[in-house]
Amino acid sequence: MRVFSGIQPTGVLHLGNYFGAVRRWVELQEQAQCLYCVVDYHALTNEATGPDELRDAWRGLILDLMACGIDPERSIVFRQSDVPEHTELCWILGCVTSFGDLARMTQFKEKSKEQVFINASLFYYPVLQAADILLYLADRVPVGEDQVQHLELSRRIARRFNSRFGELFPEPEAVVGQGARVMSFADPSRKMSKSAGPEHYIGVNEPEEDILRKVKAGVTDPGLTPGQEMSPGVANLFSILELVAPPDIVSQFREQHSEGGLLYRDLKQALFQQLMEELAPVRRRRAELESSVDLDELMMAGAHRAREIAEPVLAEVRTRVGLA
Ligand code: AQP
């Protein structure tokens, strides 16, 4: 089993990234060869990410990943732009990708509503993502639910390449588990994300008082009706509580909810406490790592290991399609 996953250096690591992807990445290190990539070319599609931010963001993100438990000795951790095979394969895979498929991608439709200038790379994003994965013949891709549609497209691209040029790429499967869709506390109808603004995400390393404020401000409902269906905001609080709290605490709050006696301020306080317990070791390690890691050297070594896999795969692709 080979695992690949990527994350954009577009700002802070938030609870959606942490529960939807990174916590699973850490577990998978025990079971498979893992490649974890900071996808800086993808980040360029976001016009809010300027050159200085991009230069700083990848450094912070690598430290965040290591603080969460990603071990660059065990896993291959690298930057997408350090491995030119990604963009070369992207072009070739674009030739077996349907325009209609790309036009149907929900993320493109949503993000193009948010940007004034809709760049072509935003449209092409899922082809580069397919190249990221297929270049390593990866068969498992741990992602949040928002990426499942892109993964389906990667599978279709692999199938189309294989049927035209002969079997080469495995069809990569999404690994989606608990925590795959963390919603914004301020607007539980949308996923937790950075682009909606700071009230819509909680950073793993944010000051404690800001986390408390954002949890307390989480949208709930008038409550207090026995047996009432959970509103999206309350369901979101429960689904995060389930990720961090012992089962007896969760069931105690669930019972109170179904009896109509749950005070949301108690639920939020418990969630905050359990969350801080979960994040405490990550936050402590993050502070320690700040001064002790040579990130340039680490990235060079990671790219070297990634290219050992990528180069022969791309050479085979070039032969299959007739470029070599
Ligand atoms: N809210 C979320 N719930 C669960 N998983 C999530 N992921 C992102 N948001 C959630 C997962 O995190 C991994 C890295 O994703 P990314 O690099 O695409 O991060 P992102 O989508 O840029 O994060 P944002 O904040 O959502 O950025 P914007 O606002 O630019 O769209 C992926 O596996 C993703 O599924």
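The values are calculated or read from the model by the stated rules, or taken from the named source; none is laboratory data. The shown structure was predicted, so the numbers you read here are calculated from the model rather than taken from an experiment. Cβ placement follows ideal geometry from the backbone for every residue including glycine, while neighbour counts extend to all protein chains displayed.
Within segment 168-215, the residues that satisfy the criterion of being among the hydrophobic types (A, V, I, L, M, F, W, C), within 8 Å of the ligand (Cβ to nearest atom) and modelled with pLDDT of 95 or more are ALA180, VAL182, MET183, MET192. Here VAL219 meets the list (1) assigned by TED's automatic domain parsing to the domain that holds GLU255; (2) loosely packed, with under 15 Cβ neighbours inside 10 Å; (3) more than 20 Å from GLU255 (Cα to Cα) almost entirely, failing just condition (2). All of GLY6, GLY11 fail the test of being buried (at least 17 other Cβ atoms within 10 Å of the Cβ), touching a residue at least 40 places away in the same chain (Cβ under 8 Å), of a type in the set (Gly, Ala, Ser) and part of a loop (DSSP other than H, G, I, E, B), apart from GLY11. Out of everything in segment 36-77 that is hydrophobic (A, V, I, L, M, F, W, C) and in contact with a His (Cβ under 9 Å, 6 or more places away or on another chain), what residue ends up being nearest to THR10 (Cα to Cα)? My answer is VAL39. Screening the candidates ASP71, ASP52, ASP56 for the property of being of a type in the set (D, E, K, R) and either in contact (Cβ under 8 Å) with a residue 12 or more places away in the chain or under 25 Å from PHE169 (Cβ atoms) (or both) yields one hit, ASP71. Residue by residue through segment 31-48, note down the ones that are without any contact (Cβ under 8 Å) to a residue 40 or more places away in the chain, within 12 Å of the ligand (Cβ to nearest atom) and surrounded by fewer than 22 Cβ atoms within 10 Å (Cβ to Cβ). Those that are without any contact (Cβ under 8 Å) to a residue 40 or more places away in the chain, within 12 Å of the ligand (Cβ to nearest atom) and surrounded by fewer than 22 Cβ atoms within 10 Å (Cβ to Cβ): none in segment 31-48. For segment 264-278, the condition of being surrounded by 14 or more Cβ atoms within 10 Å (Cβ to Cβ), of a type in the set (Asp, Glu) and not assigned by TED's automatic domain parsing to the domain that holds LEU61 holds for at least one residue. A count restricted to segment 157-195 and to residues that are free of Cβ contacts under 8 Å to residues at least 60 places away in the same chain and either surrounded by 16 or more Cβ atoms within 10 Å (Cβ to Cβ) or part of a loop (DSSP other than H, G, I, E, B) (or both) stands at 16.
For segment 31-80, a tally of residues being under 18 Å from the mean Cα position of the chain (by Cα) and either part of a strand (DSSP E or B) or of a type in the set (Ser, Thr, Tyr) (or both) returns 13. Looking across segment 97-132, just one residue is polar (S, T, N, Q), outside any loop (DSSP other than H, G, I, E, B) and buried (at least 20 other Cβ atoms within 10 Å of the Cβ), and that is GLN129.
On the basis of being more than 19 Å from MET276 (Cα to Cα) and touching a helix residue (DSSP H, G or I) at 6+ places or on another chain (Cβ under 7 Å), does ALA180 make the cut? So that I can check it myself, show each step before the final result.
Values: more than 19 Å from MET276 (Cα to Cα): yes; touching a helix residue (DSSP H, G or I) at 6+ places or on another chain (Cβ under 7 Å): yes.
So ALA180 fits the description; yes.
The residues on offer are GLU85, GLU145, and the sole one that is at pLDDT 95 or above, farther than 16 Å from GLU308 by Cα and in contact with a Lys or Arg (Cβ under 8 Å, 6 or more places away or on another chain) is GLU145. Of the residues screened, ARG284 is not one that is basic (Lys, Arg) and within 30 Å of LEU134 (Cβ to Cβ).
The single condition among (1) closer than 17 Å to PRO9 by Cα; (2) within 16 Å of the ligand (Cβ to nearest atom) that VAL83 does not satisfy is (2).
In segment 133-145, the residue that is farthest from the ligand (Cβ to nearest atom) out of those that are part of a helix (DSSP H, G or I) and under 25 Å from LEU168 (Cβ atoms) is LEU134. Scanning segment 68-80 for residues that are within 16 Å of the ligand (Cβ to nearest atom) and touching a Leu at 6+ places or on another chain (Cβ under 9 Å) gives CYS68, SER75, VAL77, PHE78, GLN80.
The residues of segment 4-30 that are more than 17 Å from GLY179 (Cβ to Cβ) and either within 8 Å of the ligand (Cβ to nearest atom) or modelled with pLDDT of 95 or more (or both), listed by number, are PHE4, GLY6, GLN8, PRO9, THR10, GLY11, GLN29.
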